[in-house]
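Working notes for the structure below.
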Amino acid sequence: MSLTYQGIPASPGIVIGKAWIYRPAPVAVQRDAACSPEIEWEHFTAAKETARQQLERLADRCKQQFGAEEAAIFDAHLMILDDPDLGETIRASILEGGQSASAAAEAAFNTYVETIGALQDEYLGARAQDIRDVSRRVQYCLMGIDPAAFEMPDQPVVILAEDLAPSDTVQFDKRLILGFCTVKGGPTSHVAIIARSLGAPAVVSAPINLESLPAGIQVALDGTAGKVILDPTPEEIQALQKDQDREEAAWQQALSQAHSPAVTRDGCQVEVVANIGSAEDAHTAVLYGAEGVGLLRTEFLYLDRDTLPNEAEQIRAYAEIFAVMGSRPVVVRTLDIGGDKAVSYLGVQAEPNPFLGWRAIRMINERPDVLRDQFRSLLQAGVNACLRIMLPMVSSLDEVRQAKAIYCQVRDDLLAGGLPCAQDVQFGIMVEVPSAALIAEHLAEEVDFFSIGTNDLTQYTLAVDRTNERVAPLASPFHPAVLRLIALTIESAHKKGRWVGLCGELAGDPRAAGLLLGLRLDEFSMAAKSIPVVKALLRTLDSTACRQVASQALSQATTQEVIDLLNDAFAHDR
Amino acid sequence: MPSIEVLVNHASGLHARPAAMFVRTASAYPCTVTISNLTAHGLAVNAKSILKVLTLGVNQGCTIRVEAEGEKAEEALEDLYRLISTNFGESA
């Protein structure tokens with residue numbers, strides 16, 4: 001008979017398969033010191049060293065298999081392991097208190113798990129889980145157990161467990177994971193992050209008694225609804241399978257067509273490209289069918305360091321990305337950093353209003369060297385690339401002229417010096433400040449293209465700090481005022497024969513595809529994962545019909561009216 | 001003993017990544033550095049211990065006091081002040 005449990009959804013998707021119950025080895029704390037305090041202390045330091053090596057290996061493995069965000073968990077574990085106060089407590093308990101290494105470590109870790117766990121905070125709850133995880137690792141090392149030594153079935157399974165610590169989750173062979181279900185844990189727990197990165201469904205906090213569960217039982221997991229069905233009936237399986245098939249078919253269909261161009265029903269083609277910030281992202285972008293890069297953020301070269309990146313470093317980093325993208329166009333945004341980032345060597349300071357302050361292209365007078373170095377590196381690295389360069393946060397014509405003068409000087413210097421220099425480079429700007437949209441006709445004289453940054457354009461137009469939770473809901477790019485600026489930008493550019501891209505979140509929003517097409521946007525730049533779906537959606541549209549909807553949208557009075565209009569107009573297309 | 005008092009504005013307080021950055025910065029200096037949460041009980045703990053810093057439960061909007069004593073104490077405080085006042089390198 002089937003049993004249904006309601007848990008908390010932690011990673012979307014549906015999966016049906018054999019259950020495998022993961023039971024980590026129990027920890028046996030050795031209460032009494034078996035040896036002299038000095039020997040017990042040696043045991044502890046040896047175990048700590050083994051734990052450190054395991055964590056370093058895990059961080060590496062995790063980085064390769066899952067990504068940097070997930071690997072950061074193990075850097076945090078290393079920090080806990082090396083905590084000086086924790087180490088001192090354990091040392092004193094062993095050498096002065098005569099306790100066993102095992103008991104001393106357990107007590108010291110537990111103090112923190114309890115104190116921090118008692119603070120009733122979501123983030124700290126996750127940290128308490130991390131501390132417990134490190135504590136268990138140290139105990140395993142003292143016991144001589146390798147936590148990686150367990151047998152997984154050789155067929156893909158749905159993994160059921162009381163709780164899954166980060167180090168449990170990353171030990172599983174990811175090819176054999178159908179989904180996760182835990183009895184404990186919250187939606188922000190580590191297993192949720194890992195499951196989402198794998199695209200595997202997960203449910204947490206499902207009140208299942210794992211002890212009484214027969215081995216190899218069938219389980220159906222609905223990670224979208226947070227539902228778990230044990231031993232599902234044929235009817236239940238059929239219903240779920242139908243949902244699953246529909247979701248899966250839509251995605252597979254989109255993915256299979258991801259590498260074809262996005263041509264509307266009436267034969268109008270737009271460019272669909274990716275926003276990226278690293279070479280790794282570039283690989284993902286190609287995989288999901290990006291026809292190029294519409295926004296390469298270059299901040300990664302400048303953060304977490306004490307000096308400017310030199311030319312050789314910059315060239316290496318850009319060339320790596322250009323090599324991945326081959327002949328596809330790559331739009332590189334020059335440095336966009338300000339008082340919200342701690343980059344002292346650039347001379348940025350904490351400012352009361354960093355988004356209205358000294359940032360991005362506004363550094364040009366005090367630090368022309370930064371822009372010059374970046375142009376020099378890009379032109380040299382981009383010899384075999386289809387390179388496009390754009391300036392962020394332009395608000396006046398002077399900034400563009402000044403930057404162009406530097407750019408031309410750099411190009412002339414490279415050519416005069418006999419150095420490599422990319423040809424046919426397009427030069428453009430971001431339109432993300434309302435003043436730039438309003439004088440777009442003049443800016444279009446100076447550049448080859450515009451890229452509309454809707455996230456900032458929205459925040460500046462509506463005077464809403466989108467990182468301030470109390471007002472963030474007001475920051476809708478569907479506000480008629482924002483739409484009018486977008487329309488004006490595109491119109492002004494087209495009159496001068498320039499093309500326009502859009503690289504804010506709006507470009508990847510399925511609700512906006514028809515609207516932007518109707519506004520005659522030329523290039524849609526978005527997170528790589530949105531590309532297959534947006535391309536599929538664009539293919540269902542008719543550009544003439546979209547133009548009518550767009551012109552109606554521009555005449556609406558409120559955000560809600562715009563959204564209602566779009567829902568009505570495009571509901572049948574989805 | 002030189003000290004600073006500063007308001008923590010980061011949405012996750014001194015918990016996740018900001019706590020690690022704070023402890024790493026403090027650990028880079030030879031002087032002793034302590035931190036207390038003035039909005040809570042105000043007990044000073046070792047700022048180089050991630051576990052101790054987490055026990056303070058510093059949330060967004062809490063005011064903390066950081067004290068340093070010994071070699072490079074002033075520099076340590078300046079560095080830590082900058083870290084917190086620039087919101088740990090993220091948007092405010």
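Taking into account only those residues within the range A:505-522 that are under 22 Å from the mean Cα position of the chain (by Cα), touching a residue at least 40 places away in the same chain (Cβ under 8 Å) and surrounded by fewer than 24 Cβ atoms within 10 Å (Cβ to Cβ), which is nearest to A:Asp568 (Cα to Cα)?
The selected residue is A:Arg511.
Output yes when any residue across the range A:405-416 is assigned to a helix (DSSP H, G or I), in contact (Cβ under 8 Å) with a residue 24 or more places away in the chain, surrounded by 14 or more Cβ atoms within 10 Å (Cβ to Cβ) and touching a strand residue (DSSP E or B) at 6+ places or on another chain (Cβ under 7 Å), and no when none is.
Yes.
Of the numbered conditions (1) more than 9 Å from chain B (Cβ to nearest Cβ); (2) modelled with pLDDT of 95 or more, A:Gly97 fails exactly one; give the number of that condition.
Of the numbered conditions (1) more than 9 Å from chain B (Cβ to nearest Cβ); (2) modelled with pLDDT of 95 or more, the odd one out for A:Gly97 is (2).
How many residues does the range A:139-170 hold that are at pLDDT below 85, in a loop (DSSP other than H, G, I, E, B) and surrounded by 17 or more Cβ atoms within 10 Å (Cβ to Cβ)?
Adding up the residues that qualify gives 3.
Would you point out the residue of the range B:18-51, among those that are polar (S, T, N, Q) and in a strand (DSSP E or B), that is farthest from the other protein chains (Cβ to nearest Cβ)?
B:Ser36
Let's see how each residue does on (1) away from chain B (no Cβ under 14 Å); (2) over 21 Å from the mean Cα position of the chain (by Cα); (3) at pLDDT below 95; (4) in a helix (DSSP H, G or I):
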position	(1), (2), (3), (4)
A:Asp304	no, no, yes, no
A:Thr307	yes, yes, yes, no
A:Ile315	yes, yes, no, yes
A:Tyr318	yes, no, no, yes
A:Ile321	yes, no, no, yes
A:Val324	yes, no, no, yes
A:Val330	yes, no, no, no
A:Gly339	no, yes, yes, no
A:Tyr345	no, yes, yes, yes
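Just name the residue that is farthest from the other protein chains (Cβ to nearest Cβ) out of those in the range B:68-92 that are buried (at least 20 other Cβ atoms within 10 Å of the Cβ) and of a type outside the set (A, V, I, L, M, F, W, C).
B:Asn87
Checking A:Ala254 against (1) under 22 Å from A:Ile177 (Cα atoms); (2) at pLDDT 90 or above; (3) not in a loop (DSSP other than H, G, I, E, B): exactly one of these is not met. Which one?
For A:Ala254, the exception is condition (1).
Before we move on, is A:Gln459 within 25 Å of A:Leu554 (Cβ to Cβ), surrounded by 15 or more Cβ atoms within 10 Å (Cβ to Cβ) and in contact with an Asp or Glu (Cβ under 7 Å, 6 or more places away or on another chain)?
So A:Gln459 fits the description; yes.
Would you pick out the residues in the range B:1-17 that are assigned to a strand (DSSP E or B) and touching a Leu at 6+ places or on another chain (Cβ under 9 Å)?
Passing the criteria: B:Ser3, B:Ile4, B:Glu5, B:Val6.
Being crowded, with 17+ Cβ neighbours inside 10 Å and more than 10 Å from the chain's Cα centre (by Cα) is the filter here, so list the residues in the range B:47-67 that pass it.
Within the range B:47-67, B:Ser49, B:Ile50, B:Leu51, B:Lys52, B:Leu54, B:Thr55, B:Leu56, B:Gly57, B:Asn59, B:Cys62 meet the criteria.
So, in the range B:6-42, how many residues would count as being over 13 Å from B:Leu83 (Cα atoms) and either touching a strand residue (DSSP E or B) at 6+ places or on another chain (Cβ under 6 Å) or among the β-branched types (Val, Ile, Thr) (or both)?
10
Under 9 Å between Cβ atoms, at least 6 apart or on separate chains: pull out the pairs that start in the range A:279-308 with a residue that is touching a residue at least 60 places away in the same chain (Cβ under 8 Å) and under 18 Å from A:Lys341 (Cα atoms) and end on any residue that is crowded, with 17+ Cβ neighbours inside 10 Å and polar (S, T, N, Q).
From residues that are touching a residue at least 60 places away in the same chain (Cβ under 8 Å) and under 18 Å from A:Lys341 (Cα atoms), the pairs are A:Thr298/A:Gln314; A:Thr298/A:Thr334; A:Thr298/A:Gln374.
The values are calculated or read from the model by the stated rules, or taken from the named source; none is laboratory data. Only a predicted model underlies this, so the values are computations on that prediction, with no experimental measurement involved. Positions of Cβ are generated from backbone atoms using ideal geometry, with glycine treated the same way; all protein chains shown enter the neighbour counts.
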